[in-house]
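Worksheet: the structure to be examined is printed underneath.
Please treat every number below as a calculation from the coordinates, not as lab data. Just so you know, these numbers come straight off a predicted model, no measurement behind them. We place every Cβ from the backbone using ideal geometry, glycine too, and count neighbours over all the protein chains shown.
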Amino acid sequence: MKIAFITAEFLPARISSSYIYEDLFTHLIKQGHSVDVYCSNPIKGLSSREIKKFNKDSQYNHKGINIHTFRSLATTNSYWMRLFNYIFVGIKLSKKIKKIDIDCAILPSFPPVFFQRQLLKRLHKMKVTTILNLHDLFPDNSLRKDSLLYKVMNFYNVKNLCSFDFIVSISDDISDTLISKGVDISKIRRINLWEFSYSSNNYDVEETSLDSFDSTKFNVCYIGNIGRYQNISMLLDLADSFESDDTNFVFVGDGPLKQMVIRRAQNNKNIQYFERVTYDQALCLYRQSDVNIISLNNNVIFTACPSKTSNCIGAKKPILAIVNMESKYAQMILDHKLGLVADPTSISSIMDALCKIKDDVSEYTGHYVDFYEKSINLKKWNEIMICLEKHLKNEKKEKY
């Protein structure tokens with residue numbers, strides 16, 4: 001099958017799920033499919049100088065994956081610039097796609113589905129099977145539900161969601177949210193993200209020295225996006241509560257709130273900050289830490305699922321999941337004794353959970369669940385592709 005992956009950005013943009021798609025596309029190519037990526041030039045996580053360097057039309061091959069990029073309007077990595085660029089990218093991609101011959105289009109939730117309307121219309125006219133790989137649900141994770149803007153955007157977003165042939169959801173909570181919005185349950189497939197492996201391509205990310213990582217202390221690690229939805233201020237307040245303790249809070253990552261972390265680290269000797277690490281270094285940190293934190297703002301777990309979940313589970317170290325207690329994600333953490341769950345709105349709930357883990361680390365160490373393994377989830381992608389191939393063969397028979 002001829003497969004097109006259509007997205008706002010791809011490598012070398014600093015996108016946490018890039019290794020997932022590299023693994024998936026490499027696997028699909030081995031199965032006899034062809035994969036082409038269509039996107040604008042990379043922006044996320046790059047400096048203004050790097051953005052200008054890549055801001056051009058180009059075509060290159062990466063591990064058998066053909067990547068086609070075009071110039072975008074964005075010249076900086078700012079939030080509003082990227083949001084404005086989504087509209088431009090959607091229109092540009094819809095024009096580019098009509099000139100190519102494809103059987104199936106895989107679209108991630110980046111740009112958000114709301115901005116893919118024009119592109120979806122084009123794909124439907126071409127009678128191309130569409131698959132949405134949904135990692136997070138916009139505007140639910142960004143706007144207040146009682147606002148007029150949310151109601152307007154949600155109306156069109158639901159129309160877009162319902163028009164996909166398949167939606168690959170990465171969590172049960174996201175699947176339930178889709179069903180509550182009226183998406184046909186028969187379209188939804190549950191496929192987890194998997195752990196990245198050692199010696200993953202680090203895409204020229206400069207290594208960060210981790211010599212100052214204090215292994216003599218009880219290390220609580222947050223590794224990932226330091227953004228608006230990760231409850232960062234609550235984590236920093238938690239670190240301040242342990243200021244006189246032997247507990248070390250390690251923050252690793254990049255994002256719009258990193259300056260807040262840097263400022264707090266300067267005033268608290270028990271907070272350490274590392275801006276960017278390679279995949280291999282991240283895996284080492286997950287395994288060296290005493291507790292790995294997975295944190296989201298209140299109710300975000302129902303519209304998004306942290307991509308680092310599989311990496312934390314693979315490390316077999318205790319997980320402190322700061323998410324809604326009633327979520328299926330929280331239940332999964334507790335049922336498999338992977339760690340404890342804390343209320344994202346309560347500093348006392350988070351502190352109690354961390355203290356319980358610290359008092360009995362062995363209780364939550366060494367546990368593992370196999371449904372996040374790469375081989376299991378790639379098989380699920382195979383099942384979708386086999387289903388599509390049968391459908392295409394039947395269509396060809398009907399024509400003749």
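Between the Cα long axis of helix 258-267 and the first principal axis of the chain there is an angle of about 10°, rounded to the nearest 10. Taking a straight Cα-Cα cut-off under 26 Å and skipping sequence neighbours fewer than 8 places away in the same chain, the lysines within cross-link reach of Lys96 are Lys2, Lys44, Lys52, Lys53, Lys56, Lys63, Lys121, Lys125, Lys127, Lys159, Lys396. Rounded to the nearest 20, the size of the Cβ-charge dipole of the chain about its Cα centre is 2460 debye, with Lys and Arg at +1 and Asp and Glu at -1. Contact order, relative form, for the chain: 12 percent (alpha carbon pairs under 8 Å, 6 or more residues apart, mean separation divided by residue count). When volume of the Cα convex hull per residue in Å³ is calculated for this entry, the matching label among (1) 179; (2) 141; (3) 230 is (2). Under 18 Å of direct C-alpha separation, and excluding same-chain neighbours fewer than eight residues apart, Lys308 reaches these aspartates and glutamates: Glu22, Asp23, Asp136, Asp172, Asp173, Glu195, Asp254, Glu275, Asp280, Asp290, Asp370, Glu373. Axis angle, to the nearest 10 degrees, between helix 279-288 and the longest C-alpha principal axis of the chain: 40 degrees. With loop membership from DSSP and a limit of 16 other Cβ atoms within 10 Å, the longest segment of the chain without GluC sites (Glu not before Pro) is 1-205.
For the chain, the longest principal axis of the alpha carbon atoms and the long axis of helix 374-399 meet at an angle near 10°. Placing a label point 7 Å from the Cα of Ile376 along the Cα-to-Cβ direction, the residues of the range 311-329 whose backbone N falls under 16 Å from that point are 311-316, 329. Scanning residues 5 or more positions from Val323 or on other chains, those with amide H under 5 Å from its amide H are Ala342, with H placed 1.01 Å from N in the peptide plane. Here each label is just a point 7 Å from Cα along the line to Cβ, and for His124 and Glu275 those points are 4.5 nm apart. Cross-link reach is defined here as a Cα-Cα straight distance under 17 Å, omitting same-chain residues fewer than 8 places apart; for Lys337 the lysines meeting it are Lys316, Lys317, Lys328, Lys356, Lys358.
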